[in-house]
Amino acid sequence: MSDPIQEEVDREIKENKILIYGKGTKAQPKCGFTAETMQFFDKYGYEYELLDVLENPAKREVLTKMTNWPTLPKVFIGGTFYGDTDVLDPMEAKGEVEPLIKKAFEAA
Amino acid sequence: MITSDVMTSYIQQSMPDAVVTVIDLKGTMDHFKLKVVSEAFSGKPIMDRHRMIYQALDVPMKDGRIHALEITAEANDGS
């Protein structure tokens, strides 16, 4: 019996080129790191989605298991997991982020 | 709440050579910026380095002593 939450997550990851699982909403982020992650992507001007999992422990558990990453926010670009801004900031410093985003949007 | 010494000892249990710098982001001793320097990171991608730190701090994160972490992980050669 496949896991409905896993299916939901798989669909969300496929449908959103830049996807942030975090705490709160775009209008009302409830965690500094979630807000920081949105500001990170605001710089690039590409559309991104923020999905609030603050009150959804079951989904957070699925996400934690599949990514082997215990914290939120969790970022996916083009269907691939990239941790959070602690990972993306050093990648950005090496110019690795923009090509990733462009590739994700070109692949559509 | 947790002290930097306790966090350092958790990290050194899995990375004995680790040099750990702790900044208490909010003065509440549960939101931290951590810099960890260890030869264990050498040649490893960033995400795996951070996973190593999260694994080392698994207990105090799960029991709530640590609420939030900002991580920098460097090998001894600064890479």
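The values are calculated or read from the model by the stated rules, or taken from the named source; none is laboratory data. Here the structure is a predicted model, which is why all the values come from computation and not from measurement. Quick reminder, even Gly has a Cβ in these numbers, built from the backbone with ideal geometry, and neighbours come from all protein chains shown. Protein only, heavy atoms only, side chains kept; ligands, DNA and RNA dropped before computing areas. Shrake-Rupley method; radii C 1.70, N 1.55, O 1.52, S 1.80 Å.
Among the numbered criteria (1) surrounded by fewer than 20 Cβ atoms within 10 Å (Cβ to Cβ); (2) within 13 Å of chain B (Cβ to nearest Cβ); (3) under 12 Å from the mean Cα position of the chain (by Cα); (4) touching a residue at least 40 places away in the same chain (Cβ under 8 Å), which one does A:Thr80 miss?
(4)
Kindly indicate the residue of the stretch A:61-76 that is outside any loop (DSSP other than H, G, I, E, B) and touching a residue at least 12 places away in the same chain (Cβ under 8 Å) and also nearest to the chain's Cα centre (by Cα) among those meeting that condition.
Once the filter is applied, the top-ranked residue is A:Val75.
Name, by its number, the condition in (1) more than 9 Å from the chain's Cα centre (by Cα); (2) surrounded by fewer than 19 Cβ atoms within 10 Å (Cβ to Cβ) that does not hold for B:Lys33.
Single failed check for B:Lys33: (1).
Please pick out the residue among B:Asp5, B:Asp77 that is among the acidic types (Asp, Glu), out of contact with any Leu (no Cβ under 8 Å at 6 or more places or on another chain) and assigned to a loop (DSSP other than H, G, I, E, B).
From the options B:Asp5, B:Asp77, the qualifying one is B:Asp77.
Being among the polar types (S, T, N, Q) and either away from every other protein chain (no Cβ under 14 Å) or surrounded by 15 or more Cβ atoms within 10 Å (Cβ to Cβ) (or both) is the filter here; which residues of the stretch A:65-76 pass it?
Those that are among the polar types (S, T, N, Q) and either away from every other protein chain (no Cβ under 14 Å) or surrounded by 15 or more Cβ atoms within 10 Å (Cβ to Cβ) (or both): A:Thr67, A:Thr71.
Kindly evaluate A:Ala58 against the criterion of being of a type in the set (A, V, I, L, M), more than 14 Å from chain B (Cβ to nearest Cβ), assigned to a helix (DSSP H, G or I) and open to solvent by 20 Å² or more (accessible area, probe 1.4 Å).
In short, yes.
Would you call A:Lys102 open to solvent by 20 Å² or more (accessible area, probe 1.4 Å) and part of a helix (DSSP H, G or I)?
Here the answer is yes, as A:Lys102 does meet what is asked.
Tell me, yes or no, whether the stretch A:29-52 has at least one residue that is in a loop (DSSP other than H, G, I, E, B), within 12 Å of the chain's Cα centre (by Cα) and within 14 Å of chain B (Cβ to nearest Cβ).
The answer is no, given that none of the residues of the stretch A:29-52 is in a loop (DSSP other than H, G, I, E, B), within 12 Å of the chain's Cα centre (by Cα) and within 14 Å of chain B (Cβ to nearest Cβ).
Counting only residues that are open to solvent by 50 Å² or more (accessible area, probe 1.4 Å), closer than 18 Å to B:Glu74 by Cα and not in a strand (DSSP E or B), how many does the stretch B:10-30 have?
5
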